[in-house]
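Visitor: So that we are looking at the same thing, I have put the structure below in structure tokens.
The values are calculated or read from the model by the stated rules, or taken from the named source; none is laboratory data. Bear in mind the structure is a predicted one, so any value in this text is a computation, not a measurement. We place every Cβ from the backbone using ideal geometry, glycine too, and count neighbours over all the protein chains shown. Calculation scope for accessible area: heavy atoms of the full protein, side chains included, ligands and nucleic acids excluded. Shrake-Rupley method; radii C 1.70, N 1.55, O 1.52, S 1.80 Å.
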Amino acid sequence: MVKCHLYSVNLKIMSEIADWDSDIVLAARKYALQNALEYSGKGQTGSVLGRLLSERDDLRPIVRKLSKLVESEVDSANTLAKNEGIERVKSELERLAPEALEREKHRKAEGLRELPGDTSRVILRFAPNPNGPLTLGHSRGVVINSEYARMYEGKVVLRFDDTDTKVKPPLSDAYEWIEEEYEWLAGKTADVVIKASARMPIYLEYAERMIVKGHGYVCCCSAEEFRVYRENTASCPCRSKSASESLTDWKSMNDGQMAEGEAVVRVKTDMSLPNPALRDWPALRIQHTPHPVAGDLYKVWPLLDFQSAIEDREQGVTHIIRGKDLMDSTRKQTLLYDHFGWEYPESLYWGRVKVHEFGGFSTSGMRSSIESGEHEGWGDLRLPTLRALRRRGFSARSIRDFWIGLGLTQKDISIPMQTVEAFNASLIDSSAERRSFVANPMVLELEIQEASRKVCPPRHPDGAIPGCRKWEVGNSIIIQSSEVGIGKVRLKEYADVIISEGVATVESEERSDQRPIIHWIPTQIARTAELSIPESDEVRIVDGCVENFELEVGEIYQLERVGFARLESLPEKGSAKFLWLHG
Ligand SMILES: [Zn+2]
């Protein structure tokens with residue numbers, strides 16, 4: 001049990017805190033005070049949760065419960081700042097955890113460690129393939145890079161890696177989508193935006209320079225032939241060609257005289273390197289498929305490792321943050337940089353994060369399932385696209401808090417979507433009004449002898465949003481059909497009734513016994529509604545009625561007893577359409 005002598009915490013919260021180990025409560029309190037101090041009494045639950053989770057990885061499985069604790073600690077710290085001033089917060093933090101006061105300026109971004117190397121002029125990059133809009137997985141790159149740019153007053157280059165015209169060809173619309181999604185997540189536009197396909201002359205020129213200097217050559221072996229040489233640490237015959245012979249082949253490649261697969265340009269490394277992937281790796285290949293944006297102007301296109309290496313150099317990128325599965329890319333590119341006498345940027349790695357519900361999706365897989373009609377579009381509620389998550393009501397802030405909290409761990413992690421949902425719930429809970437939603441509705445007559453015909457359910461149960469919803473009660477009500485048979489029930493916030501033969505008769509306005517409380521709506525303020533819930537193989541639609549009280553399209557409501565949902569449309573005729581967000 002922890003003493004809470006400083007705080008005016010209400011008894012309900014106190015009893016919940018009592019369930020926690022004192023070290024967890026103290027850690028939550030430390031970060032709540034620290035966050036309140038840094039943000040002048042306006043600490044945020046999501047940020048504190050992120051810091052706490054980066055210190056206590058073991059708490060991730062109970063993140064939902066934890067967010068309640070964090071919320072109450074953030075409230076207390078913010079209240080302390082408001083009532084007794086920020087100096088009081090500082091002295092309390094000093095007493096509780098002096099080390100937390102000494103966080104360096106850069107550590108202000110929760111969960112992210114400092115960047116290595118020279119950080120006086122930080123340039124980062126986020127480089128998606130525009131073969132579809134961004135997914136939750138991509139959002140990590142946007143969040144982490146933009147957060148580091150913010151910390152170091154640096155820049156992010158948004159670079160479209162779109163030089164593959166065959167296997168994962170770009171989608172013309174996706175460029176604009178991604179720019180917009182980047183802005184939504186980062187809270188600002190990218191500092192520089194470039195398309196690799198628009199910078200082809202640069203890559204081709206570097207390739208030629210590499211050949212001229214003897215650091216690369218045109219290899220006309222088949223993939224299979226070269227594989228055998230590579231495995232045997234032997235040079236292929238093309239390796240010993242003179243630069244001018246290679247240049248002649250290079251020109252034939254570019255003129256379109258060579259077919260796809262007939263030749264590649266290789267970076268000359270060392271055929272005896274222990275890692276076979278690094279032995280004379282391929283840098284450019286022939287592609288005759290036209291590019292959706294650049295057309296058929298070019299016959300030779302760089303592979304990602306070459307294009308990315310050259311462009312990082314061109315843009316002056318100082319820090320590259322990438323998956324640890326791309327460590328070989330770093331090694332290959334470093335060998336290329338050595339040829340040119342350049343210094344390779346600092347590289348940081350993260351492990352794979354797998355969100356259970358979305359483990360099986362890839363951008364190209366989604367693209368074909370949309371084309372085949374299996375999914376209705378990129379905003380299909382079942383997909384892990386940012387478009388679908390935004391449509392349902394996830395906030396950019398929740399996604400940022402989630403990734404920043406996770407930091408740059410190299411550990412592979414598998415988590416449920418609930419973890420992201422907990423961040424979102426902590427951000428929206430106090431601003432989402434409550435509404436009554438009755439699934440599978442049934443109309444009952446209502447008999448009232450002596451009871452008010454006015455009901456005033458609160459907009460928010462804790463009073464976070466003041467005021468109430470004004471209901472007029474007429475001669476009928478709607479309840480869930482499965483609850484008709486219960487007999488004696490209490491209509492929430494209203495009266496005890498007895499139900500018999502399609503009639504509900506008010507027995508008492510006061511609660512007179514322990515009969516179950518049910519949700520209901522006076523018929524005159526009800527309108528039909530449908531709630532779409534994404535499930536793994538279908539979008540399930542729940543038909544029901546919602547109270548028609550100050551509904552606004554785009555708003556997120558907590559449908560009582562159901563969960564959070566966003567109102568997507570409110571047509572003049574027909575059902576109000578809600579999309580499931582989370583519980
Ligand atoms: Zn060869």
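Visitor: Can you find even one residue in the stretch 513-520 that is surrounded by fewer than 21 Cβ atoms within 10 Å (Cβ to Cβ), in contact (Cβ under 8 Å) with a residue 12 or more places away in the chain and among the basic types (Lys, Arg)?
Guide: Yes, the stretch 513-520 contains at least one residue that is surrounded by fewer than 21 Cβ atoms within 10 Å (Cβ to Cβ), in contact (Cβ under 8 Å) with a residue 12 or more places away in the chain and among the basic types (Lys, Arg).
Visitor: A follow-up question, please. Between residues in the stretch 219-231 that are under 17 Å from Lys241 (Cα atoms) and touching a residue at least 24 places away in the same chain (Cβ under 8 Å) and residues that are assigned to a loop (DSSP other than H, G, I, E, B) and more than 10 Å from the ligand (Cβ to nearest atom), which pairs lie under 8 Å by C-beta distance while being six or more apart or on different chains?
Guide: Pairs that qualify, where the first residue is under 17 Å from Lys241 (Cα atoms) and touching a residue at least 24 places away in the same chain (Cβ under 8 Å) and the partner is assigned to a loop (DSSP other than H, G, I, E, B) and more than 10 Å from the ligand (Cβ to nearest atom), are Cys220/Glu262; Ser222/Gly261; Tyr229/Met271.
Visitor: A further question on this structure: When the stretch 1-39 is examined, which residues are found to be assigned to a loop (DSSP other than H, G, I, E, B), of a type outside the set (Gly, Ala, Ser) and either at pLDDT below 80 or loosely packed, with under 14 Cβ neighbours inside 10 Å (or both)? Outline the logic, then answer.
Guide: Keep residues of the stretch 1-39 that are assigned to a loop (DSSP other than H, G, I, E, B), which gives 1-10, 18-21, 39.
Cutting the leftovers down to of a type outside the set (Gly, Ala, Ser) gives us 1-7, 9-10, 19-21, 39.
Of everything in the stretch 1-39, those that are assigned to a loop (DSSP other than H, G, I, E, B), of a type outside the set (Gly, Ala, Ser) and either at pLDDT below 80 or loosely packed, with under 14 Cβ neighbours inside 10 Å (or both) turn out to be Met1, Val2, Lys3, Cys4, His5, Leu6, Tyr7, Val9, Asn10, Asp19, Asp21.
Visitor: Determine if the stretch 194-202 includes at least one residue that is open to solvent by less than 20 Å² (accessible area, probe 1.4 Å) and over 14 Å from Phe126 (Cβ atoms).
Guide: Yes, some residue in the stretch 194-202 is open to solvent by less than 20 Å² (accessible area, probe 1.4 Å) and over 14 Å from Phe126 (Cβ atoms).
Visitor: I would also like to ask the following. I'd like the residue in the stretch 210-244 that is aliphatic (A, V, I, L, M) and open to solvent by less than 70 Å² (accessible area, probe 1.4 Å) and, out of all such residues, is nearest to the ligand (Cβ to nearest atom). It would help to see each step written out before you state the result.
Guide: Within the stretch 210-244, the subset aliphatic (A, V, I, L, M) is 210-212, 218, 223, 228, 234, 243.
Still in the running and open to solvent by less than 70 Å² (accessible area, probe 1.4 Å): 210-211, 218, 228, 234, 243.
Values: Met210: 16, Ile211: 14, Val218: 8, Val228: 11, Ala234: 11, Ala243: 15 Å.
Looking at the filtered set, the residue picked out is Val218.
Visitor: Tell me yes or no: at least one residue of the stretch 253-264 is assigned to a loop (DSSP other than H, G, I, E, B), more than 21 Å from Ala309 (Cβ to Cβ), within 13 Å of the ligand (Cβ to nearest atom) and open to solvent by 70 Å² or more (accessible area, probe 1.4 Å).
Guide: Yes, the stretch 253-264 has at least one match.
Visitor: Let me ask you something else. For the stretch 318-371, what are the residues that are in a loop (DSSP other than H, G, I, E, B) and open to solvent by less than 60 Å² (accessible area, probe 1.4 Å)? Steps first, please.
Guide: Start the filter on the stretch 318-371 by keeping residues that are in a loop (DSSP other than H, G, I, E, B), which leaves 318, 341-345, 351-352, 359-362.
Within the stretch 318-371, Thr318, Trp342, Tyr344, Pro345, Gly351, Gly359, Ser362 meet the criteria.
Visitor: Of everything in the stretch 547-583, what is hydroxyl-bearing (Ser, Thr, Tyr) and either under 18 Å from Arg387 (Cβ atoms) or modelled with pLDDT under 95 (or both)? Give them in sequence order.
Guide: From the stretch 547-583, those hydroxyl-bearing (Ser, Thr, Tyr) are 557, 569, 575; that's our starting set.
Once the filter is applied, which keeps residues that are hydroxyl-bearing (Ser, Thr, Tyr) and either under 18 Å from Arg387 (Cβ atoms) or modelled with pLDDT under 95 (or both), the stretch 547-583 yields only Ser569.
Visitor: Count, please, the residues in the stretch 265-283 that happen to be crowded, with 20+ Cβ neighbours inside 10 Å, touching a Leu at 6+ places or on another chain (Cβ under 8 Å) and not in a loop (DSSP other than H, G, I, E, B).
Guide: 3
Visitor: Which of the following residues is farther than 30 Å from Ile310 by Cα and in contact with a helix residue (DSSP H, G or I) (Cβ under 8 Å, 6 or more places away or on another chain): Phe437, Phe402, Phe361?
Guide: Details: Phe437 fails: in contact with a helix residue (DSSP H, G or I) (Cβ under 8 Å, 6 or more places away or on another chain); Phe361 fails: in contact with a helix residue (DSSP H, G or I) (Cβ under 8 Å, 6 or more places away or on another chain).
The match here is Phe402.
Visitor: Okay, moving on. Output the residue which, of all residues in the stretch 163-189 that are open to solvent by less than 50 Å² (accessible area, probe 1.4 Å) and closer than 24 Å to Arg352 by Cβ, is nearest to the chain's Cα centre (by Cα). Steps first, answer last, please.
Guide: Our first condition is that a residue be open to solvent by less than 50 Å² (accessible area, probe 1.4 Å); within the stretch 163-189, this holds for 163-165, 169-171, 174-175, 178, 181-182, 185-186.
Subsequent filtering for residues that are closer than 24 Å to Arg352 by Cβ retains 164, 174, 178, 181-182, 185-186.
On the way: Asp164: 26, Ala174: 18, Ile178: 14, Glu181: 11, Tyr182: 11, Leu185: 8, Ala186: 11 Å.
The residue in question is Leu185.
Visitor: Phe564: in contact with a His (Cβ under 8 Å, 6 or more places away or on another chain) and surrounded by 17 or more Cβ atoms within 10 Å (Cβ to Cβ), yes or no?
Guide: Working: in contact with a His (Cβ under 8 Å, 6 or more places away or on another chain): yes; surrounded by 17 or more Cβ atoms within 10 Å (Cβ to Cβ): yes.
Yes; evaluated as a whole, the condition is true for this residue.
Visitor: Among the residues of the stretch 453-467, which ones are surrounded by 15 or more Cβ atoms within 10 Å (Cβ to Cβ) and part of a strand (DSSP E or B)? Quick ask: steps written out before the conclusion?
Guide: Residues of the stretch 453-467 that are surrounded by 15 or more Cβ atoms within 10 Å (Cβ to Cβ), as a first pass: 455, 457-460, 465.
Passing the criteria: Val455, Pro458.
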